[in-house]
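Structure, as structure tokens:
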Amino acid sequence: VIVPALDGVPSSVDVLVLERIEPETGGNVRAIFRTTKGQLRPILLERDALLGLRAGFLPRLNAILLVRLGDAASLDRLALEAEIRHELVHVLRRNDMLGQNLWSRLVSRAHALNILQMQSGTFLQMVGNPTWRNARGKTLEEEYRERYANRKLTEEGWNEILDQEAVAHFLELVYHNQLLPAEFSEVQDILDMIESGVLGRGAVTLEPGD
């Protein structure tokens, strides 16, 4: 297992890499994850929710899950680290570690670049994910609206989800050097704070979530 750089992740949040999946009843699976310390940790998850994910933040377990099906060679260090940055956005936002001013700046920058209007396949190809070939020709926003269609979200709820995903995908593109410096220079100070871990230090209390 590749141990990614974890400087920006709060000490109370685990980072787990999927090792294998075991069948369970009722549409569930037992996903066996390996911690950064090499320990195995089984987690019962819904099968359909797990399949198709690259990574996810599971608030009830204080854990970032890196979901990579395949052999160890598929665990590209850069991709894993970028996916951690993506999920770190959700961690920081849920705990208001960015504050409204910094958060608003990131959201404005991500939306100015129309991040969520990118084709999902184009995004996946840019970040080196081999599943881009299986993309359905939908934009990132369309993919998320479809994924959460059954949640009966208010307009405010939708806006929050889409804001978080826009910023999270923006950070991944920056980490993969897929954006020009001029496209993120005005929020470079915030990116540096996230990368250094200054925003995530100390104990955090994570909200219950899905």
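The values are calculated or read from the model by the stated rules, or taken from the named source; none is laboratory data. Computed from a predicted model, the values in this text were never measured in an experiment. So basically every Cβ, Gly included, is an ideal-geometry build from the backbone, and we count neighbours across all protein chains shown. Only protein heavy atoms, including side chains, enter the accessible area calculation; ligands, DNA and RNA are left aside. Shrake-Rupley method; radii C 1.70, N 1.55, O 1.52, S 1.80 Å.
Taken together, the criteria exclude Leu6 from residues that are modelled with pLDDT under 85, surrounded by fewer than 20 Cβ atoms within 10 Å (Cβ to Cβ), within 19 Å of Trp132 (Cα to Cα) and not charged (D, E, K, R). Scanning the range 127-172 for residues that are of a type outside the set (A, V, I, L, M, F, W, C), open to solvent by less than 30 Å² (accessible area, probe 1.4 Å) and under 17 Å from Gly56 (Cβ atoms) turns up Asn129, Tyr144, Gln164, Glu165, His169, Glu172.
Only residues that are assigned to a helix (DSSP H, G or I), farther than 20 Å from Gln164 by Cβ and either within 16 Å of the chain's Cα centre (by Cα) or in contact (Cβ under 8 Å) with a residue 24 or more places away in the chain (or both) were counted across the range 105-130, and they come to 1. The single condition among (1) at pLDDT 90 or above; (2) in contact with a His (Cβ under 6 Å, 6 or more places away or on another chain) that Ala82 does not meet is (1).
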